[in-house]
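No lab work stands behind these numbers, since they all come straight from the coordinates. Values in this document were obtained by computation on a predicted structure and should not be read as measured data. Don't worry about glycine lacking a Cβ; one is built from the backbone with ideal geometry, like all the others, and counts go over all protein chains shown.
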Amino acid sequence: MKLLDSKKLGDLAAALAANGYRVAAPIQEDDAVRLKEWSPGAVIRTDAIPINSAKDFLFPRSEIIGRCKLEGDNFTPEDVPPDSTKTALLAVRPCDVAALAILDTVFNWDYKDEFYNARRAAMTIVSMACTRADAQCFCTSVGGRPDASAGADAILRPADGGAKLIFDPLTEKGQALVAAAGGALADGEAKADPPAEVPVRFDPKGVGAWLADNFDSDLWTTLSLACLGCGACAYSCPTCHCFDMQDEATRKETVRRRNWDSCGFGLFTAHAGGHNPRANQSARWRNRVMHKFSYIPDRFKLLGCTGCGRCGRLCPAGMAIADICAEIVRASEALKK
Amino acid sequence: MTENLYQPMTMKIAASRDEAPDVRTVRLEFPDEPSRAAFFAKYRVGMFGLYGMPGAGESTFCVASPPTRTEYIECTFRRVGRVTSALADRDVGQTLTFRGPYGNFFPIETWKGKNILFVAGGIALPPLRSVIWNLLDRRAEFGNVTIVYGARTVADLVYKHELAEWAARGDVKLITTVDPGGETPDWKDKIGFVPTVLKQAAPSPAGAVALVCGPPIMIKFSLPVLKDLGFPPGAIYTTLENRMKCGVGKCGRCNVGKFYVCKDGPVFTVEQLQDLPHGDM
């Protein structure tokens, strides 16, 4: 098997970078660990769950999708080539990898999004099995596992009590990384560590069943009272894909940007004429839960949540979608009695 | 190289007409024959597009001209915000952008021989105007055409010269109305709200379909009238609008319950919508 010392992920990153890969990994940045582009000297941290998700590298928070030259009253559209830089994403958590199935589907059902697809085709995903979880992790409640490998091109498995990492290539892209890694991966034997224990917090089927009959429930108001509408949950979510399109102009050119958006924002559905079909925060929270646990499952036969727990870790008001789902299941069971 | 999904085509404003205060119709010409042919290969009546001005953005409207008029498209919009103001500031001879056609359409091929009732209010006639002209351009294939159209005031009625044209035709029954107080001294047609006028007109539901489009309050009170007249919910169609950005089922904002207006709509039957838990979400 292919192995590397768990402290030597930087060597693997350096070897891949030397072979033409842009490398991204969980990197220490001030007090946080963030998935970001690796550069020599960067400290890779696999012991903490990064605050941002892998979606940042496929669907960036802001990108230019249109451009025009301006001349007097005339505009001339210009091509905007998609970004197809060969990229290796290292040590991505299985919950983030699971989210790619949803993003792949959204950006390709019927109409194809070339900006997403170009990045996706150029991306090699190396996941890392979780041997530790925190109180916000709930992948096992939404069909995931801390050591799931589905969707990854290779997986790193912590071994020998965390001293080593086993590098298992799973696809041709993963094999190509082994070739590019050269001496950064050595042959040897190690014993994989047991996966993290992630307790099941709720049954998504129970959530879906309650959602089908309770669009007008008062519980929506109760559940959403704390929400500030800041959007931190959506921005950190590996599956949230809603976006805004905004134009910016100078006297010489215009650009059209696609920016992350959130159904938690009051302006998200506001019409220019003043009408807003989702007039309050409880209607917006309801849409967030409905989208992930009812609309996406109905349409794509996938759950819209992978249990990464980031929304709960980051929410300044202490709300977490896992708590809300657990509350929904409790309400549902109380109704049955 | 794959195509940029969000790249609009540039279209020239061939004509422009002010319909009512702040309401304008523009006629747009295709940049070349392949883009014209590609549009009309796909376009069915009821579909929408995103009309834009670089630097301001894009806004969603139906295509207000029918697929039977294949040299151009028209759209009618009200100047409300940043984008519609930028569109309205463009003159004949200048260009705008367009992406589309997107969404589903009115199944008019299944309506052959049927009587068609249109119920519209104010700025909501444009989505139905394309259907009206589509049927009139293929007049012999359809039964009676009845149009009940109202606006707050006489000035707010859109397509005034086309209303006159329809009124003068022997094969269209047109009833126009204005809200009480909205009439002018020389106003000859009805005074009253659309639902009331619809009730008085009492069109027969036999072998008929109804298309309803208007402000929420008009729809709210017109649907019970149609129900009392005997129109089943599966024979009543409407076309929805919501704020959109992408138009192609990705940006995630136009959903009404489980339906994406851009992909599952904009055309829905009342039967589909009454299954939704809440009408306006």
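Hey, any hits in the range B:55-70 for a residue that's free of Cβ contacts under 8 Å to residues at least 40 places away in the same chain, assigned to a strand (DSSP E or B) and more than 14 Å from chain A (Cβ to nearest Cβ)? Looking through the range B:55-70, none of the residues is free of Cβ contacts under 8 Å to residues at least 40 places away in the same chain, assigned to a strand (DSSP E or B) and more than 14 Å from chain A (Cβ to nearest Cβ).
What is the residue count in the range A:91-110 for residues that are surrounded by 18 or more Cβ atoms within 10 Å (Cβ to Cβ), in a loop (DSSP other than H, G, I, E, B) and within 14 Å of chain B (Cβ to nearest Cβ)? Break it down into steps so the answer makes sense when it comes.
From the range A:91-110, those surrounded by 18 or more Cβ atoms within 10 Å (Cβ to Cβ) are A:91-100, A:102-103, A:106-107; that's our starting set.
Next, from what is left, pick out any that are in a loop (DSSP other than H, G, I, E, B): A:93, A:107.
Remaining after also requiring within 14 Å of chain B (Cβ to nearest Cβ): A:107.
Residues that pass the stated criteria total 1.
Under the condition of being touching a helix residue (DSSP H, G or I) at 6+ places or on another chain (Cβ under 7 Å), away from chain B (no Cβ under 12 Å) and farther than 15 Å from A:Ala234 by Cβ, the residues counted in the range A:296-308 number 3.
Out of the residues in the range B:1-20 meeting the condition of being within 12 Å of chain A (Cβ to nearest Cβ) and under 21 Å from the mean Cα position of the chain (by Cα), tell me which one is surrounded by the fewest Cβ atoms within 10 Å (Cβ to Cβ).
First pass over the range B:1-20, keeping only residues within 12 Å of chain A (Cβ to nearest Cβ): B:1-13.
Now drop any that are not under 21 Å from the mean Cα position of the chain (by Cα), which leaves B:11, B:13.
On the way: B:Met11: 22, B:Ile13: 17.
Top of the filtered list is B:Ile13.
The C-beta contact set for the range A:43-54 (first residue buried (at least 23 other Cβ atoms within 10 Å of the Cβ), second residue basic (Lys, Arg) and outside any loop (DSSP other than H, G, I, E, B), distance under 7 angstrom, 6+ apart or interchain) comprises A:Pro50/A:Arg34; A:Ser53/A:Arg310. Residues in the range A:34-54 that are outside any loop (DSSP other than H, G, I, E, B) and within 12 Å of A:Arg93 (Cβ to Cβ): A:Leu35, A:Ala54.
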